[in-house]
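Since the structure comes first, as structure tokens, the remarks are kept for the end.
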């Protein structure tokens, strides 16, 4: 009921009057003009257009990585319901929303043990402006155990986007209990929240030099060999980002996120093209594979 009330309150804001619709159209036109001409996105317009789509619920998920999990939210106790319900209400008000990085969340109206989220990766990283889909599961033991998170944007199992993101979808993070760390970095039932998981993935995984997330590689930071290896590593992720986190998700937007995908890429089109053009100037992209995908991006831009 708490989640349903939050969603109803959130959705109620979408019923604009005629004057609000005019403002909405003006913002779209203004933001599109600035994006195409100046190469930047007005933060106010980005937030205005995407805030109504930041958090929501769906009647069901036809496909979900954790769908066959035993328990799946059935027969859970009051502690699970109250804690998760309160967290989801909080998420509806506090998810990050910014042109440089955002988190979009959908919960299951029939069973809130299941959820999905999209993280818009920050610029200046090999994942810049890409949209990455994750499946989320809150076990019956939650919050005594961490939630489960699986990356679904893997190029159908062909891409390992990060040392902490496997091609099978596994997300390695201390907070999730899937990576080693100090006690304070691990899941704390009375303190940790799912919002912290979202922010941790944003800030610790979608970073500028992911190569050094690999254990033992951090010792080569600032060395000639380390810089060369990092640049080569980034180049392959840049290609995969354009192929799977841009083009593929545009062609096949996840149910419930269709407007998020369309609006995000519409507003960021100029920035994305400039980003790819800068990548193409690097020697690591001389083989032409990235240029092939860039031509497809330009078609969408038109």
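The values are calculated or read from the model by the stated rules, or taken from the named source; none is laboratory data. Fair warning: this is a prediction, and the values are worked out from it, not measured in the lab. With ideal geometry, Cβ positions are generated from the backbone for all residues, glycine too; neighbour counts draw on all protein chains shown.
Examine segment 135-142 for a residue that is within 14 Å of the chain's Cα centre (by Cα) and either buried (at least 20 other Cβ atoms within 10 Å of the Cβ) or outside any strand (DSSP E or B) (or both), and state whether such a residue exists. Checked against the condition, which is being within 14 Å of the chain's Cα centre (by Cα) and either buried (at least 20 other Cβ atoms within 10 Å of the Cβ) or outside any strand (DSSP E or B) (or both), segment 135-142 yields at least one hit.
When you scan segment 176-189, do you find a residue that is buried (at least 18 other Cβ atoms within 10 Å of the Cβ) and either in contact with a helix residue (DSSP H, G or I) (Cβ under 8 Å, 6 or more places away or on another chain) or not in a loop (DSSP other than H, G, I, E, B) (or both), even just one? Scanning segment 176-189 turns up at least one residue that is buried (at least 18 other Cβ atoms within 10 Å of the Cβ) and either in contact with a helix residue (DSSP H, G or I) (Cβ under 8 Å, 6 or more places away or on another chain) or not in a loop (DSSP other than H, G, I, E, B) (or both). Checking 91, 173 one by one, the residue that is surrounded by fewer than 23 Cβ atoms within 10 Å (Cβ to Cβ) and touching a residue at least 60 places away in the same chain (Cβ under 8 Å) is 91 and no other. Considering (1) closer than 27 Å to residue 147 by Cβ; (2) surrounded by 17 or more Cβ atoms within 10 Å (Cβ to Cβ); (3) touching a helix residue (DSSP H, G or I) at 6+ places or on another chain (Cβ under 7 Å); (4) at pLDDT below 95, the lone condition that residue 213 does not fulfil carries the number (3).
Counting only strands (runs of 3 or more DSSP E) that fall entirely inside segment 41-120 and contain at least 3 residues that are within 28 Å of residue 207 (Cβ to Cβ), the qualifying elements are 102-108, 114-120. Residues of segment 190-208 that are surrounded by 13 or more Cβ atoms within 10 Å (Cβ to Cβ) and either within 15 Å of residue 165 (Cβ to Cβ) or without any contact (Cβ under 8 Å) to a residue 24 or more places away in the chain (or both): 196, 197, 198, 200, 201, 202, 204, 205, 206, 207.
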